1. Would you mind working out the magnitude of the charge dipole of the chain relative to its Cα centre, with +1 at each Lys and Arg C-beta and -1 at each Asp and Glu C-beta, to the nearest 20 Debye?
2. Give the longest segment of the chain that steers clear of trypsin sites (Lys or Arg not before Pro) in DSSP loops with at most 14 neighbouring Cβ atoms within 10 Å, not counting the sites themselves.
3. Work out how much length Phe152 to Asp260 would gain on full extension: take 0.36 nm times their residue separation and subtract the Cα-Cα distance, in nm to one decimal.
4. Counting heavy atoms of the protein chains only and a 1.4 Å probe, report the per residue accessible area for region 132-200 as a whole number of Å².
5. Lys/Arg Cβ at +1, Asp/Glu Cβ at -1, dipole of the chain taken about the Cα centre: which of Gly127, Gly81, Ile337 is farthest positive-ward?
6. Give, rounded to the nearest 20 debye, the magnitude of the charge dipole that region 132-200 has about its Cα centre when Lys and Arg contribute +1 at Cβ and Asp and Glu contribute -1 at Cβ.
7. What is the local net charge at Leu361, summed over the other residues whose Cβ is closer than 15 Å to its Cβ (Lys, Arg +1; Asp, Glu -1)?
8. With a 1.4 Å probe and all protein chains left in place, how much of the accessible area of region 217-321 comes from carbon and sulfur atoms, in whole percent?
Amino acid sequence: MISKILIANRGEIALRVLRACKELGIATVAVHSTADADAMHVRLADESVCIGPPPSRDSYLNIHQIVAACEITGADAVHPGYGFLSENAKFADILEAHGITFIGPTAEHIRLMGDKITAKQTAVELGIPVVPGSDGEVTSENVLETARKIGFPVLIKATAGGGGRGMKVAKTEDDLQEAFDTARSEAAAAFGNPAVYMEKYLGKPRHIEVQVVGDGEGNAIHLGERDCSLQRRHQKVWEEANSPALNVEQRMKIGQICADAMKKMKYRGAGTVEFLYENGEFYFIEMNTRLQVEHPITEAITNIDLVHEQIRVASGAGLSVTQDEITFSGHAIECRINAEDPRTFVPSPGTITHFHAPGGLGVRVDSGAYAGYKIPPYYDSLIGKLIVHGRTRVECMMRLRRVLDEFVVDGVKTTLPLFQDLVSNQDIANGEYDIHWLEHYLAHHKAH
Ligand code: ADP
């Protein structure tokens, strides 16, 4: 049993986790930096502890302070949210050594999926389809031979990769040496590890990911997929469930492959298996061993609270549903509302003077923002997520258009106008877009 959860995060996700804890009758502890003393999740938590100055490395990434906050408050579990320490195996180990439950997978599974080469090898062993590529690391000795075997264009990727860094395309043999050298030096600079591997470069894929939850005992379910192809600089902007590109058979087939893999692994907690999808084929790229930003669209179409499930399996209570009991209903879209200039994407921190969240049937706003809230400049610029649900994709889009007109955030610039453009776009209406679509669209619109 878990009786008090410390939420090791900030912003909308801290509030999201807090809401689930309250519903389950579990006491909550908020931790915060000095910059977040006025945050909504701090106000609503049963207790709060200031863990340091604004920079993340001194506060939200400070393991010692967070463990000390657990001990002071008697918290018996930690929910890490996403980002920060959520995929830090050392953090999971340290909590376990202190007898505190980490609400997430085992440290071993975090490590396994955190390294891209072992993640891919594991995926192959578990029967998950992967992108054709090198067997492990590529070196200056085998780089040319490997590329010829895979066939150009190829993509060189950092083993320790994340956030799209240390990734370089080689279109032909002439580009190969330079791509290899640049990827290695970027990887060394960003991750302290120059190791790279190679994959076939897919031209126009979609990004489709499968939500899974396991109980750590060999039971696991999938909750369908999300299409997150609309990205800018590898950051997701708009996500939808289900994917406009899949039919029911494809959905259930890839979902079952992922659920079966999680059963074999005895995976515990929520996770996301990410794929590129092209010409009817799925290619595994990575697995995230945590809750994701875009989880609410899955909740909207399945009516299952993923944070409740995370807490249940962490406490040993098992999953609340079996695969047979899960139904997929309607369509959901999430828009990430960032405090950024909608044209240049330059962050726009500052004080929100007016804030009005839209409402009505099928509308969910996950946000810690309010009128008078001062957005600190130290963290990411996500100030809220708008999630809209409808019985069909068409109804969902109609609702989204209405809801975007109602949303008011004054005092700072936000990406709301971008979504107003997107919701009226014909390609988006048709569901016809790949992972490059948004970058092309933005480049074109800047020119006008
Ligand atoms: P990271 O962990 O750095 O985000 P990923 O492996 O998740 O790296 O890939 C990030 C993005 O890079 C993908 O969403 C996709 O846009 C692109 N990408 C990755 N692998 C390939 C590939 N083999 N072909 C084409 N694009 C790819």
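The values are calculated or read from the model by the stated rules, or taken from the named source; none is laboratory data. All of these numbers come straight from a predicted model, not from anything done at the bench. Every residue, glycine as well, gets a Cβ built from its backbone with ideal geometry; the counts of neighbours run over all protein chains shown. The accessibility values were calculated without ligands, DNA or RNA, using every heavy atom of the protein model including side chains. Shrake-Rupley method; radii C 1.70, N 1.55, O 1.52, S 1.80 Å.
1. 520 debye
2. For trypsin sites (Lys or Arg not before Pro) (loop position, at most 14 other Cβ atoms within 10 Å), the longest site-free span of the chain is 1-170.
3. 35.6 nm
4. Per-residue accessible area for region 132-200 comes out at 50 Å².
5. The residue sitting farthest along the positive end of the dipole is Ile337.
6. It works out to roughly 260 debye.
7. +3
8. Summing carbon and sulfur atoms, their accessible area is 41 percent of the total for region 217-321.
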